[in-house]
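Undergrad: Pasting a structure below so you can have a look.
The values are calculated or read from the model by the stated rules, or taken from the named source; none is laboratory data. Remember, it's a predicted structure, so these values are computed and weren't measured experimentally. A quick note on method: Cβ atoms are made from the backbone with ideal geometry, for glycine too, and the neighbour counts reach across all protein chains shown. For accessibility, only protein heavy atoms count, side chains too; no ligands or nucleic acids. Shrake-Rupley method; radii C 1.70, N 1.55, O 1.52, S 1.80 Å.
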Amino acid sequence: MERTATGPAAAVPTPPGTPLPDPPVTLDPPFTEVAGLLDAMPGPRVPATFPVPAPLAAPAALSAPATFPVSAPSRRPRPLRLFPTPAATPFTFAYAAVLAVTSVVAALADPGLVHTLYQDSSTDVAHLLHSPVLVLVASALWVAGGIVSPYAAAFVLVLTALERRIGGLRAAGVFLAGHILATLATEVPVGLAVLAGHLPVSSLHRLDYGISFGVAASIGALAGLLTPWLRWPLLTLFAATLLDDLLAFQDPMTNWGHLIALTIGLTTWPLVRRWAQRPQRPQGTSTPPICGDPNVTPRSLTANSNPGT
């Protein structure tokens, strides 16, 4: 029969050379109160062990460029896009600032001085014969009726929308075409009528200034870029206003000039639509870089693709 150990524990033979454990310490009754202090007594030295840090892991993709979430560009609220800004519409913004200054001068300066300025800037027949370029430019620096004129508000809204679609230089060209051509179309007949004796000589000095011809041409040009449900109500309302002024017969030459300027704007539809579809690239720009590296161009990629180079 196989023997089994009985009792509290089976005796296990100790291998030779193994140090015997220290016998348990028994304390007499007088020392039982300091039994908890014996734990602080020095014992056999044990080699100190320190945690060895694991080797730092290399970054997952050290050579790969870091990627960051790119938020979508914030779109400017629509109401703010109706007004000019120095960055988006520099021509309209600068021109509106000049008109604001001249309107303040006209409102605060002496009335006699203001009338002299108007007369010197007038695009009447007499001034057109002596200094045409000067008066054509100077007459466009004043707003007839001041800053509260409907044409002042129309200038800001219409020129801003037109410049955003076709650019500053082209918007300026449309404005100047209406301003110059409509002025000549109304003043040349006056000069011919004076020569024929149908009008008095005083008609050669008729006071004529303002931005209304340029604004009317710009309205006609902008209508060609709008959707039909905006285009035709705009043209109908504006043309009806001009016809009502013409029928009132208070200033027929100026009223005819507004209708002529509107027609000039309508004739620019093929041009402005082409400009809006293919806007000019700003000067100084080149082909966009490849892979975000401004030094990499298609020519350099072709050259570097040849192993012999």
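Undergrad: Hey, any idea what % of the range 158-204's accessible area is carbon plus sulfur with a 1.4 Å probe?
TA: 76
Undergrad: In addition: Obtain the nm distance between the two label points defined at L247 and L184 by a simple spin-label model: each point lies 7 Å from its Cα along the Cα-to-C-beta direction.
TA: Rounded to a tenth, the inter-label distance reads 3.3 nm.
Undergrad: Right, something else. Given a Förster distance of 35 Å, report the FRET efficiency between L113 and L199 from their Cβ-Cβ distance, rounded to the nearest 0.05.
TA: Working from the Cβ atoms, E equals 0.75.
Undergrad: So, one more: Calculate, for the range 174-280, the solvent-accessible area per residue in square angstrom, rolling a 1.4 angstrom probe over the heavy atoms of the protein chains.
TA: Per residue, the range 174-280 has an accessible area of 53 Å².
Undergrad: Still on this model: At a Förster distance of 35 Å, what's the computed FRET efficiency of L226 paired with V105, Cβ-Cβ distance as r, to 0.05? Let's see the in-between values first.
TA: On the way: r = 35 Å, r/R0 = 0.99.
E(calc), rounded to 0.05, equals 0.50.
Undergrad: Another question, if that's okay. At 0.36 nm per residue, and after removing the present C-alpha to C-alpha distance, how many nm does the segment from L82 to I147 gain when stretched out fully?
TA: Full-extension gain reported as 21.6 nm.
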